[in-house]
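Let me begin by presenting the structure, written as C-alpha cells, before commenting on it.
The values are calculated or read from the model by the stated rules, or taken from the named source; none is laboratory data. Source: prediction; values computed, not measured. Glycine gets a Cβ as well: all are built from the backbone with ideal geometry, and neighbour counts include every protein chain shown. Heavy atoms of the whole protein, side chains included, go into the accessibility calculation; ligands, DNA and RNA do not. Shrake-Rupley method; radii C 1.70, N 1.55, O 1.52, S 1.80 Å.
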Amino acid sequence: MPNFDFRAFLVGMAAAVVCSAPGFAAAQVPVEILALSPNVRGLGADAAAGWRIADLGGSEGETLDGTNSYGIHAADFDRDGDLDLVVAFQSGGEKTPDGDREYGMVYWLENLAAGPDSGLAFRIHLLDDRQVTPKDSVVVRRTAGGNTAVVVPCYLSGETVIYETSDGGDWRKTRLWSKVLELPVRAVVADIDGDNLDDVVVTSISRSGDKVGWFRQKNGESDSWEAVPIRVDLPPLIGVDAGDVDLDGDMDLLCASEHASRPFLLINADGKGTEWKRDSIRVSSADSVRRWVGRFSEKPVSQVHARFADLDADGDLDCVETSLRNGYMAWRENPGTGMDWKFHQIAGGLGHAYSFDVGDVDRDGRLDIVAPSDGGDGVYVFRNVRGDGALWEATRLGDGAGLNWPNIVRLADLDGDGYDDVMSTDWGTRAVVWINPLAPAAVD
C-alpha cells in the first residue's frame, strides 16, 4: 500500500476550505488581489456584466449525480461539429464491494445547441458508475484507431482510465496500469515519442514509486498502450504540462509539487521519451517571492499546478503557476538563455487557487488566464491587457453560480460563437459554464 494517505490530505484541505466557504468573511472578494498586485486592475461592480451561467445539472437525459466534481473537458465526441463535455465526480455512486468508499461517476454531455443564438443545451449520458475516484480529465484527439478519447486518472484505484468513442454512441473503457506509478492524479496528452500519436503523461502524489511516467500509444495497435517510466528523482507531483521548452522539436514536461518551492522541467533528452534531464525553474528573485507570498500566507512557497504558455509573446514558453497552499497565481518568464527565470506576480489571496486554464478569452491575440479560488470566491478571468504579461484586467465570476469550492477550470467555445466560454467544476456537487459575452466591439 502507498504510504501517503491522500484521503486524509483531502479531509484536511476540505476543513481549511470550509472556513472560507460562503458565509465567512473570506468569501468576499479578497482585497489582496488589488493591494498586493498593482499590475492587476478591474473587479468593479459591473466587471462580470454580460457573463451568463448555464447549470449543467439542469440538462436533459440522465441526472448529473455525484459529489466532488473533479473533471471537465470538451471535445466533439459525436463528430457533429460542436463541442460536447465529459464531467467526472470522485464519488456519489454506490458503495464499492469492500464498503470503504463510493464509486465515482463519469458522464458524457451531448451538445444539442443549434447555433450561437440558440443557447446551450445538453443531453446527459452516464458513461461509468463503477470507477473508483475518477479525477481531472484530458482528451486524446489522435488514437491509433482514429477515435477521440478521454483520459481520467483514478488515484485510489492506481489506474488511468481511457474512455474511447468513434461517434459518441458506443464507448470503450481501457485501464492503463504502471507497476511503479501509484496514486495517479493528473494527466496531460502529448506526442512524447514523435510518432504523430497522442501519448499520456501521468503524475503521482505518492511518496513511494515513480512520481511521473507516460503511456505510449503503439502505432497501428488500437488496444495497445505501453507504460514507460521516467526515472527521475522527484517529490510527489500533481500538476503537469507538455511543450517544447528548449525549442529542439520534441515535447518536454513541466511538473509542479506542493513539496517544492519551484516547478520542475523534465527535458526530453533523446526526443523519444526514454531519456530525461531534470532541471528546476529557478528565479533570481527567490527572496522577494517568499516575502510577497508571506504577506498573505504563513506556509512555504509551493505550487500545485503549472502550465506552459508564451505570455509575453517572445516565442518561447513561460511557466504559469497556481498554489493551493498559498493561494496565488503568478508566472515565470523564460529568459531563453539558460539564465534564471524572472518571477511575475499576478494575484495573491486567491484562497486555494487550483487548476486553471490559459487561452485567448477576448480574441485579441493575447493569452489570458482563468483561475478558480475555491474558498467560495468564484472564478477569475485575468485578461492580458498589453500582451506582455505586465498588466492584467481581472473579472470575477461567481455570484449566482452556486459553487462552493470551484476547483477545475477549462476554456472551450461551447456555443460556437468563436469565443471561449468558461467551464468549472466544484469540490461540492456542481458543474457550470459561464457564457462569454465578449464581442469585437468590447475588445480593447
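Here is a yes/no grid of residues against (1) buried (at least 19 other Cβ atoms within 10 Å of the Cβ); (2) more than 30 Å from Asp80 (Cα to Cα):
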site: Trp177; (1), (2): no, yes
site: Asp191; (1), (2): no, no
site: Val201; (1), (2): yes, no
site: Ser204; (1), (2): yes, yes
site: Arg207; (1), (2): no, yes
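Quick check on my filter: what residues within segment 60-99 are part of a loop (DSSP other than H, G, I, E, B), of a type outside the set (Phe, Trp, Tyr) and more than 20 Å from Trp427 (Cα to Cα)? Talk me through it step by step, then tell me what you get.
Of segment 60-99, the ones part of a loop (DSSP other than H, G, I, E, B) are 62-66, 76-83, 92-94, 96-99.
If we keep only those that are of a type outside the set (Phe, Trp, Tyr) too, we end up with 62-66, 76, 78-83, 92-94, 96-99.
Result: Glu62, Asp76, Asp78, Arg79, Asp80, Gly81, Asp82, Leu83, Thr96, Pro97, Asp98, Gly99.
Take the residues in segment 306-317 that are open to solvent by less than 10 Å² (accessible area, probe 1.4 Å) and under 17 Å from the mean Cα position of the chain (by Cα), then tell me which one is farthest from Leu367 (Cα to Cα). Give the derivation first.
Step one: list which residues in segment 306-317 are open to solvent by less than 10 Å² (accessible area, probe 1.4 Å), which gives 306, 309, 311.
Next cut, under 17 Å from the mean Cα position of the chain (by Cα) only: 306, 309.
Numbers: Ala306: 15, Ala309: 8 Å.
Among them, the one singled out is Ala306.
Per-residue answers, yes or no, for (1) more than 25 Å from Ala431 (Cα to Cα); (2) at pLDDT below 95; (3) in contact with a Pro (Cβ under 7 Å, 6 or more places away or on another chain):
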position	(1), (2), (3)
Ala114	no, yes, no
Arg142	yes, yes, no
Gly145	yes, yes, no
Gly169	no, yes, no
Leu183	no, no, yes
Arg186	no, no, yes
Ser208	yes, yes, yes
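Is it the case that segment 250-271 has a residue that's assigned to a helix (DSSP H, G or I), surrounded by fewer than 22 Cβ atoms within 10 Å (Cβ to Cβ) and over 18 Å from the mean Cα position of the chain (by Cα)?
Residues of segment 250-271 assigned to a helix (DSSP H, G or I): none.
Within segment 250-271, none of the residues are assigned to a helix (DSSP H, G or I), surrounded by fewer than 22 Cβ atoms within 10 Å (Cβ to Cβ) and over 18 Å from the mean Cα position of the chain (by Cα).
Could you tell me whether Val320 is open to solvent by less than 20 Å² (accessible area, probe 1.4 Å), touching a strand residue (DSSP E or B) at 6+ places or on another chain (Cβ under 6 Å) and not in a strand (DSSP E or B)? Walk me through how you get there before you give the answer.
Numbers: open to solvent by less than 20 Å² (accessible area, probe 1.4 Å): yes; touching a strand residue (DSSP E or B) at 6+ places or on another chain (Cβ under 6 Å): yes; not in a strand (DSSP E or B): no.
When the stated conditions are applied, Val320 does not pass them.
Quick one: which of Gly92, Gly66, Gly61 is out of contact with any Pro (no Cβ under 6 Å at 6 or more places or on another chain), surrounded by 21 or more Cβ atoms within 10 Å (Cβ to Cβ) and either at positive phi or modelled with pLDDT under 95 (or both)?
Details: Gly92 fails: surrounded by 21 or more Cβ atoms within 10 Å (Cβ to Cβ); Gly61 fails: surrounded by 21 or more Cβ atoms within 10 Å (Cβ to Cβ).
Of Gly92, Gly66, Gly61, the one residue that is out of contact with any Pro (no Cβ under 6 Å at 6 or more places or on another chain), surrounded by 21 or more Cβ atoms within 10 Å (Cβ to Cβ) and either at positive phi or modelled with pLDDT under 95 (or both) is Gly66.
Filter segment 131-175 down to the residues that are on the phi > 0 side of the Ramachandran plot and not hydroxyl-bearing (Ser, Thr, Tyr), then identify the one that is most open to solvent (accessible area, probe 1.4 Å). Lay out the reasoning, then the answer.
Start the filter on segment 131-175 by keeping residues that are on the phi > 0 side of the Ramachandran plot, which leaves 133, 146, 158, 168.
When the remaining residues are screened for being not hydroxyl-bearing (Ser, Thr, Tyr), the result is 146, 158, 168.
Details: Gly146: 52, Gly158: 19, Gly168: 5 Å².
The extreme case among them is Gly146.
Test Ser297 against the criterion of being assigned to a helix (DSSP H, G or I) and either without any contact (Cβ under 8 Å) to a residue 60 or more places away in the chain or of a type in the set (D, E, K, R) (or both), and give yes or no.
no
Name the strands (runs of 3 or more DSSP E) wholly inside segment 140-203 in which the number of residues that are small (Gly, Ala, Ser) and closer than 20 Å to Tyr107 by Cβ is 1 or more.
Values: elements: 148-154, 159-165, 171-176, 184-190.
Because the criterion is at least 1 residues that are small (Gly, Ala, Ser) and closer than 20 Å to Tyr107 by Cβ, the strands (runs of 3 or more DSSP E) in segment 140-203 that meet it are 148-154, 184-190.
Output yes when any residue across segment 333-342 is touching a residue at least 24 places away in the same chain (Cβ under 8 Å), open to solvent by 10 Å² or more (accessible area, probe 1.4 Å) and among the small types (Gly, Ala, Ser), and no when none is.
So far as segment 333-342 goes, no, none of its residues is touching a residue at least 24 places away in the same chain (Cβ under 8 Å), open to solvent by 10 Å² or more (accessible area, probe 1.4 Å) and among the small types (Gly, Ala, Ser).
Mind checking which residues of segment 204-246 are hydrophobic (A, V, I, L, M, F, W, C) and either without any contact (Cβ under 8 Å) to a residue 12 or more places away in the chain or in a strand (DSSP E or B) (or both)? Reasoning before the result, please.
Of segment 204-246, the ones hydrophobic (A, V, I, L, M, F, W, C) are 205, 212, 214-215, 225, 227-228, 230, 232, 234, 237-238, 240, 242, 245.
Result: Val212, Trp214, Phe215, Trp225, Ala227, Val228, Val240, Ala242.
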